[in-house]
Amino acid sequence: MGYATFGEVLEFAIGRENAAVDFYRELSGIAAFAAQKSTLAEFIAMERGHAAMLEAMKARGTVKLSASTAVDLGAARRVEATDRPPAGMTFQDILTAAASKEARSFELYGRLAREAGDPGIRETFERLAGEESRHRAYFQDLYEREVARDN
Amino acid sequence: MSRPKTPYVAPEERAVPDLDSGKYLVMWQGPNHPGITGNMSLRLVIEGDSVVDCETHVGYLHRGFEKLMERRLWMQNFPLVCRIAVPEPDFNEYCYAAALEELAGIEVPDKAVWLRTLSLEMIRLASFLMWIGGQAGAFGHGTIAQWSVTMRDYVLDLFEELSGGRIYHMYIIPGGVRADVPPGFLRHVLETMTVVEQNLKDIELVMFHNAVMKMRAVGLGYIPPDWVDRYGITGPNARAAGFKRDLRKDRGYLAYPRLSFEPVVGAESDAFERARLRLAEMFQGIDLIRQIVDFLPSEGPFRERLPNPLHWKIPAGETYVAAECTRGEYGFYVVSDGGDKPRRVAVRGPSYTHAVSVMERLVRGVNIADVAGLMVSLHTYPPEIER
Amino acid sequence: MDIKDIIAPFAVWKRAFEKPFTVRKPIDERPGAPRYRGFHINDADTCVGCGTCESICMNKAIDLVPVEGRSPSGGDSGLRPRVDYGRCCWCALCVDICPSGSLGMSNEYLWIDSDPEVFRYVPGVDPKPWDGAELGYRRAEGYRLLDMERVPMPELSHAEGVKSFLELVKGYSREQAEREADRCVACGVCVASCPAHMDIPGYINAVRGGDLETGLRLLYETNPFPEACGRICTRACESACAIGSGGDPVAIRWLKRYIADQVELADYGKSLPRAESATGRKVAVVGAGPGGLSAAYYLALLGHKVTVFEKDEAPGGMLRYGIPEYRLPYPALDKDVDYIRSLGVEIRHGATVGKDPALAKLREDFDAVYLSTGLPSAYRLDVPGDEHPRVLDGVAVLAAATRGEELGLGRRVAVVGGGNVAMDAARTALRRGCEVDIVYRRRQVDMPADPEEIREAKAEGARLIERAIPLRVEDSGDGGARFVWNEAEMVQKEPGKRPVPEPIPGAVVTERYDSIIAAIGQGPELSYITEADGVEVRRMKPVTDRTGRTSVPTVFAGGDLVNEKKDAISAIADGHRAARAIDRILGGRGD
Amino acid sequence: METGILVRVGYALVSLFVITNYGLLLIGSMARISAKVQGRVGQPVWQPYIDIVKSTAKRNSIGHGVMFYLGPVFRLAGGVGTYMFIPAVYGSVLFRNFSDSGDLLLVMYFIFFGQLGMALGASEGGHPYSAIGVSRGLAQMTAFEVPFALSVIAVAIQYRTLDITAIVAAQQGGFWNWTVATNPLAVAAALIAFLGMSMHNPFSIVIAPQEIPIGPPTEYQSNLLGMLQTNRAIFNGAKLVLYMNLYFGGATDVVTMVVKTFLIYFINVFVGQAFPRFRVDQSIRFFLGVPTLIGIASVIIAAI
């Protein structure tokens, strides 16, 4: 494990959030019309917010995220999507992509937490995992409400 | 007590006493006088101890029912009509319901017919019991009044059990009745009838074999038979004058054609005769109630389905439905213009005839002490005068 | 004088040796009879505050008043009856008529207080010693003042119905309609629950009185699609109906249909209003569905020139392309649309806004634009293999059926989803001779479809497979597809939320189908809104205010595209609301 | 002598107090018995006390002149006077009252005195019909006084004295010495008159609510009514003691007095519950008929 210190852990996390921003921005680039762009812009803003929060955390040296893991709606497995939705992507495609991305982040942080030797770092990863699971739940909830209404 | 060979009959012409002569005294009896069976008032002109002239004054109880009914839905009038004759509300309920059913062409289930008959006979008995207390009380015999009012309360207990109300039963609803008999009710009816019958026998012994009662009542308030049709006298007042008239027989409504009874008829036509006749009718009523309990079907619906009471419209038409109540012919004349409210309702209560026109003439020449007893002997209920 | 007359009266003394009639403590020893009509009791939770008690009370002793802790919601006015015992005559007609059966009477008859105000209270809300009394007056068994059973609607039998696309529901006769209308107590709870706030008691009253012209006028005041809504409305009103609290709700939908069915289109003009004069303002409506055409109707009534842009070849939107003929026959829909057209509304078919003309052009050419494009495309199944050619789009299948195209569904068909689209697709497939399985992720009770639709789909022969989570679609190699799902169980994960299906490990089922129709949900088509238009869109919905106005002052939006309910009547309500708002920005008074 | 008088006055007051309470309890218990006949549980025996306390506690706001106030005073004076000149218990110092100071005639005068005072007072009550009520009452009183007076005359002739104590003394020594045994006709006439005097049925004419409820009970209220109610107890007691002395051998101790008077009073109730009431003309005709004849017969028997 290369992320031994608290700062490094946060750096890693910030990196991932920024990568997410880039991901959505990339999607936005191929978006065909305004409504898609506005949806993606919303998600970008959300991920930017996470990154900013982590930055602030790093600056203060405290972690304020809650460690409780959000309820897994069990749909992550089902929402197995590629990172690159087609150009004519629908709301469904965007939500699926976002949810699966959050799910992968959650799994990653979870693995990192299990592997971390230092209790402080483990705790930080667990908190990050919890945060990502909440994001994923948010997207899944949105999916349930807006897309799969009849399902 | 022997009756006079030619009873005194007041002349039809009203004497006009000269009130300024100092010979007469104008005396108001009522409206809160205990001898006036309710809120009405008699303006008596007396000379010495006897009444020279009488004028009845009503209006103390006027609530304008007939007019109120024109402003209420057909079904909303159902709880209203019973208030027209307080001690005997069921006849209002029956006449109103029957009139509506006739106009709307509704057939009432057999069970409801029997339950209605039961209800009417029970209230007849209660009403008579109240009357007999009044009659004894008017002559100062409070003991009888106490007994009979208790007996009436027993009958009202039955009504409470059957309908949920003691005075206003609101049981006979257009289309049928409101509920079947509760469990054990018929047994209670028979038990109560035994008690009432026993008590009536006591009353008969004490009140009708009583020297003082006879002194007071015999010969009092003689109604000549020729008055009956002229004044429209009905019920026991007419039967005591020798007329065999009873709507239960003559019109044969409800289950009466299927019951066995003969109208009681008298001859002497005075207060004592009327009292005796009513007592006989009470015994007859107990018998009728027993017959009804025997006949009452145990199964079957008790109410015919009616349209939504909030929108119920009755086809245009008019009808008059009458029933034999304790005082005589009780009738409802109902006119519908096809709307959801009655166009006009007129109530024919026997008290109007008896307590106003007959009373005014009958009371002339009577001792003031007898005015109350005479009035009660006509059996009138002021609330039904002012509907 | 008889000596007996002097001796006999002394018999009164016999009584002195018997038990007295009266009792010492009447209140303790003599409770009211079990049926006694004493002070009221009310089960405030069962009560729906319909106020029928208030209507029947001949003394006006009952008032419906707001009470602490209850707010109006569908089917509950939030009010509760307050009884004034200065007026009450204890007739108990209120108990007899109470649709929900919540009102009763205790057998308490004694209550003394020096403050007269206390004798006016709300039973069941203001606590009283007799609350919940066992004894007291109740409506007798078998005695109702109201008719709690709906007049049965003549319908084609299921065996008959599944053979063709004939309309199933035949409609009420005059006698039936009047009898059904008679059941209404005109409480008006339904009005609040109707998205369009139709004057339901008003038009039911018109049916009862046989005054269909008034009825039609009342219908058109809030809804220019009476024929369509009279058949396919989601009828929130009937769920709210006070009669439904103790029996079958009044068949409000069928009564609406009855009015519209009975009046000939040619006679519509006699009872319906028209614009008094043209304002000269022009409004463009995008989408000729119920929402768009409603907006067009009310705008036309206000004197504006309305042009409707519709990409399809016929008007009606989802009413035409989404709802099968057996539920809403095209002549009925045409009647509604034709009347709207008769007011001068122009419908341009084959005009796909965004391509031709562009939204910017509409904004330029018209004084206002109303967007009512709905949710035209079905979402994918979203499982591996969902792009298999035998996986079909439910909405497209229904539209193809409308166009009379050959569907080519094959013999065995799976419909995935539990909404009305799924039911319609299933029943359409049944009518095309297919064997249909409806595959749903949760249970039947969780299905968003109208229970009646589910019942009928099953009755017509569809097999319902519950708790089946789709896993993937595989090619069967013989021109069909294998549908693989995982059986699930319902798990209550979070208290208060609906239970969630959890896959049972290993319980995987594979079935071969000729076609798999996906009907899990529909999405909007918003590509016609460009960034340059400046219409703010959030989560694939144009952002609007209460009146339907978007961030661009002259552009309004409504219907399925915007609202949460996503049904015809809500779209109609949106259209009406937007029409009034548009009128206001065009200088009118908006009414 | 001075102290002797004071002691006697003191004794008389005690005697008056006892008879008042006895009278009230008697009324209460008779009401209770009447209730029993009527099928009721009835009022408490002490109800008359409650009534008096209640009436006396009420405010009086109506006055109709001096005579109106004096009416109840006369009435009470009549009651007290009647009692004061009758020996309540023969041979007892305490209950001797002032019996040696007056004779039967004085007592009879006092019986009338109260009624007349009442009539004067009530007539001034301001009610136009008061006169009717009072005249009905007085007419009946005049009628029942005839047999009563005849009976008293018979007794006076029989015992050759008008001194009540002497009359009682003459009856001592067993039942066969009582007037009821020696001159039953006189007793019969007196008892029938007593029914009228007590205003129970069938002679309850003045208080008949169904006829003319006009007269003292309607005109007087509050403490004046309380006074009348008190008098009713005293007056009843006095009359009962008088009857006991004249016809039933008097009493030598309080217990005998209570038993005898109770039984005499019960005769009223016994008849009263069984009959309705006469009209006033019937009542007068009645008293002047058979009871008067009996009275005359008793006088003749006593004289012979």
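Proximity of backbone amide H atoms, modeled 1.01 Å from N, is registered between residue B:57 and B:41, B:42, B:43 at under 5 Å, excluding neighbours fewer than 5 places apart on the same chain.
Please report the carbon-and-sulfur percent of the accessible area for the protein assembly as shown; probe 1.4 Å, protein heavy atoms only, DNA, RNA and ligands left out. Please report the intermediate quantities before stating the final value.
Working: 30690 of 55160 Å².
Carbon-and-sulfur percentage of accessible area, whole number: 56.
What is the Cα radius of gyration of chain D over 2.2 N^0.38 Å, N being its residue count? Normalised Rg, Cα atoms only: 0.98. Only the Cβ atoms of Lys and Arg (+1) and of Asp and Glu (-1) were treated as charged; on that basis the dipole of chain B about its Cα centre amounts to roughly 260 debye. Compute accessible area for the stretch C:524-538 by itself and then with all protein chains, 1.4 Å probe, and report residues whose area falls by 10 Å² or more. Buried by 10 Å² or more upon assembly, which counts only protein chains, are C:526, C:527, C:529, C:531, C:537, C:538.
Rounded to the nearest 0.05, what FRET efficiency do residue C:115 and residue C:446 have when you use their Cβ-Cβ distance and R0 = 41 Å? Intermediate results must be reported in sequence, preceding the final value.
On the way: r = 52 Å, r/R0 = 1.28.
Computed FRET efficiency for residue C:115 and residue C:446: 0.20.
Residues whose amide H comes within less than 5 Å of that of residue C:472, counting only those at least five positions distant or on another chain, are C:484 (H built at 1.01 Å from N in the peptide plane).
Pairs of alpha carbons in the stretch B:257-381 separated by more than 25 Å make up 51% of all such pairs.
Taking only protein heavy atoms and a 1.4 Å probe, what accessible area per residue, in Å², does the protein assembly as shown have with all protein chains in place? Each step should come with its number before you reach the end.
Working: 55160 Å² over 1433 residues.
Solvent-accessible surface per residue comes out at 38 Å².
Using only the C-alpha atoms, the convex hull of the protein assembly as shown corresponds to 286 Å³ per residue.
Mind listing which trypsin sites (Lys or Arg not before Pro) in the stretch D:42-137 are in a DSSP loop and have 15 or fewer other Cβ atoms within 10 Å?
Numbers: sites: D:54, D:58, D:59, D:75, D:96, D:136; in loops: D:58, D:59, D:96.
Sparse-neighbourhood loop trypsin sites (Lys or Arg not before Pro): D:58, D:59.
On association of chains C and B, roughly 3700 Å² of accessible area becomes buried (total for both chains; probe 1.4 Å).
Mind ranking C:222-235, B:5-18 by how tightly packed they are, going by the mean number of other C-beta atoms within 10 angstrom, highest first?
Numbers: C:222-235: 26.5, B:5-18: 10.9.
Highest-to-lowest ranking by the protection proxy: C:222-235, B:5-18.
Residues in the stretch B:352-369 carry Karplus couplings, in order, of 4, 4, 6, 8, 9, 6, 5, 4, 4, 7, 5, 7, 5, x, 8, 5, 4, 5 Hz; the curve used is 6.51 cos²θ - 1.76 cosθ + 1.60 with θ = phi - 60°, and Gly or Pro positions show x.
Principal-axis analysis of the Cα atoms of chain C puts helix C:252-262 at an angle of about 60° to the longest axis. Sequentially through the stretch C:455-472, phi angles give Karplus couplings (6.51, -1.76, 1.60; θ = phi - 60°) of 4, 5, 4, 5, 5, 7, x, 6, 9, 9, 10, 8, 6, 10, 8, x, 9, 6 Hz, Gly and Pro residues having no value and appearing as x.
What does DSSP give for chain C in terms of the percent of beta bridges that are antiparallel, rounded to the nearest 5? So the antiparallel bridges amount to about 50 percent of the total. Accessible-area rank, largest first, for B:148, B:298, C:551: B:298, C:551, B:148, with all protein chains present and a 1.4 angstrom probe.
Extents of the stretch C:28-121, taken as max minus min of Cα coordinates on every principal axis and listed largest first, are 46, 28, 25 Å. Label-to-label distance for residue B:261 and residue A:104 is 9.8 nm, based on points extended 7 Å past Cα in the beta-carbon direction.
Is it possible to state the helix-based mean residue ellipticity at 222 nm for chain C, with each DSSP H run of 4+ residues giving -39500 (n - 2.57), the sum divided by total residues, to the nearest 500 deg cm²/dmol? What is it?
Working: 21 runs with 172 residues, N = 591.
It lands at -8000 deg cm²/dmol.
Please give the residues of the stretch C:358-375, grouped as numeric ranges, whose backbone N is less than 15 Å from a label point set 7 Å along the Cα-to-Cβ vector of residue C:275. Taking a point 7 Å out along Cα→Cβ of residue C:275, the residues of the stretch C:358-375 whose backbone N falls under 15 Å are C:366-370.
Using Cα pairs under 8 angstrom and six or more residues apart, how large is the relative contact order of chain D, in percent? Intermediate results must be reported in sequence, preceding the final value.
Details: 487 pairs, mean separation 86.6, N = 304.
RCO, chain D: 28 percent.
Rounded to the nearest 100 Å², what is the sum over both chains of accessible area buried where C meets A, with a probe of 1.4 Å?
Numbers: alone 27990 and 7960 Å², together 33090 Å².
Approximately 2900 Å² gets buried when C meets A.
Each chain gives up part of its surface: C and D jointly bury about 1200 Å² of accessible area, both sides summed, for a 1.4 Å probe. For the peptides C:555-563, C:344-352, the ranking by packing is C:555-563, C:344-352, with the highest mean count of neighbouring Cβ atoms within 10 Å listed first.
With no solvent and one point per C-alpha, what does the Debye sum give as log10 I(q)/I(0) for the stretch C:76-173 at q = 0.17 Å⁻¹? Log-scaled intensity ratios, in q order: -0.86.
Calculated FRET efficiency, residue B:360 and residue C:267, Cβ-Cβ r, R0 60 Å, to nearest 0.05?
0.35
Over the stretch D:255-304, the hull volume per residue, using the convex hull of the C-alpha atoms, is 100 Å³.
Taken along its principal axes, the alpha carbon cloud of chain C reaches lengths of 120, 69, 44 Å, longest axis first.
Using the alpha carbons alone, the radius of gyration of the stretch B:1-80 stands to its Kirkwood radius in an Rg to Rh ratio of 1.19.
Taking Cα atoms only, the orientation of helix C:568-585 departs from the longest principal axis of chain C by about 80 degrees.
Going from the isolated chain to the complete set of protein chains, the stretch C:110-155 loses at least 20 Å² of heavy-atom accessible area (1.4 Å probe) at C:137, C:140, C:143, C:144, C:145, C:146, C:147. The Kirkwood hydrodynamic radius of the stretch C:158-271, based on inverse pair distances between different Cα atoms, is 14.3 Å. The fraction of Cα-Cα pairs per 10 angstrom bin, counted from 0 for chain B, comes to 5, 23, 32, 24, 11, 3, 0, 0 percent, rounded to whole percents. Max-minus-min Cα coordinates of the stretch B:141-257 on each principal axis give 47, 36, 23 Å, with the largest extent listed first. Taking amide H as placed 1.01 Å from N in the peptide plane, the amide H of residue C:438 sits under 5 Å from that of C:415, C:463, C:464, C:465, each at least 5 places away or on another chain. The string of couplings for the stretch A:22-36 from the Karplus curve (6.51, -1.76, 1.60, θ = phi - 60°) is 4, 4, 5, 5, 4, 4, 4, x, 8, 4, 8, 9, 4, 5, 4 Hz, one whole number per residue in order, with x for Gly and Pro. Convex hull of alpha carbon positions in the stretch C:206-334: directionally averaged projected area 9.1 nm². In loop segments of the stretch C:524-570 as defined by DSSP, the GluC sites (Glu not before Pro) with at most 12 further C-beta atoms inside 10 Å of their C-beta are C:564.
The values are calculated or read from the model by the stated rules, or taken from the named source; none is laboratory data. Bear in mind that the values here come from a model prediction, so they are computed numbers and not experimental data. In this analysis, Cβ positions are derived from the backbone assuming ideal geometry, glycine residues included, and neighbour counts consider all displayed protein chains. Heavy atoms of the whole protein, side chains included, go into the accessibility calculation; ligands, DNA and RNA do not. Shrake-Rupley method; radii C 1.70, N 1.55, O 1.52, S 1.80 Å.
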